[in-house]
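The structure under discussion appears below in the form of structure tokens.
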Amino acid sequence: MKQTIRDAFDTVTCSDALKKQTCDYVAGRMRRGRKPAARKLKWAVSMACLLLFATSGLGGLRLYYAEAAVISIDVNPSIELDVNRWGRVVDQTTYGQEGETILQSLSLKHMEYGEALTLLLGSAEMQKYFKKDSLVSITLEAEDGGQAMLSDLQACVDTVLKQCHGSVTAEYASVDSHMCDEAHEHGMSLGKYYAIQELLTVDPQATLDEFKDKSMKEIKGHTEHCQHREQAGDRKEAQGESQDDPQDSPEQSSECPGRPAHDREGDGHGGRHH
């Protein structure tokens, strides 16, 4: 480039020193003129790399916090843990003041779910709610059904309860993916909502509002009570049919259709609670 400038100045009539000085000046200005463009290109490349890094980072962050399973721990209080696909707790939700009090002294986020459950169930705050013969309900909602995860939960919880609370028992359930949303619409934890739904199948006159503040032991106890009453009523009906004259059967059976199972109560069975 510099030689081209020199050739252009060959036809100019002036001293060689002035030609050289002018040639050097023009070449220098041209070089300086290209530097801003180069700097702009480097800046653009740097910004593109930064944007790509930020985008991929945000995508990874969203993936980390994406909920893959919900674990509901219910005694009364009720606490839910949201778990990602790597088995880490990414969120925790309490239902009732008792649950909030427990989690004020515990930080379960980003822990492996087994470690989180061990810490939660073994905490001094949680032990206040473990009375003699208390019931802990562990309910799982997972994308793939979560049978393997449910087995891990059972092994973990059983170990903790055996070490810390020998008289406390646990129940485990895996539920469909839609039930968690239904529970939250009613302001309830997954586990308690599922337990009350089971109760409603044997006691249709019961309501969610009636039992939403009850402990899991009370809910399960009422469910079992209604089941036993239904079974006792069925046995009594079967015995009555076998003893009555066949022609009296239509009259007896006409009394039963439409009656809720929990209203069929025989002598000596009304006080059985489990």
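What follows draws every value from the coordinates through simple rules; no lab data is involved. Source: prediction; values computed, not measured. With ideal geometry, Cβ positions are generated from the backbone for all residues, glycine too; neighbour counts draw on all protein chains shown.
Observations on the model:
- Peptide packing: for 118-129, 79-90, the average count of neighbouring Cβ atoms within 10 Å per residue gives the ranking 79-90, 118-129, highest mean first.
- Summed residue charge, Cβ within 11 Å of D74's Cβ, Lys/Arg positive, Asp/Glu negative: +2
- Local electrostatic count at E125 - Lys and Arg +1, Asp and Glu -1, tallied over other residues with Cβ under 13 Å: -1
- Sorted ascending by nearby beta carbons within 10 Å, beginning with the fewest, H178, H225 become H178, H225.
- Alpha-carbon centroid distance for the pair the range 55-102 / the range 219-235, whole angstrom: 35 Å
- Using θ = phi - 60° in the Karplus curve 6.51 cos²θ - 1.76 cosθ + 1.60, the 3J(HN,Hα) couplings for the range 74-79 round to 10, 10, 2, x, 10, 9 Hz; x is entered for Gly and Pro.
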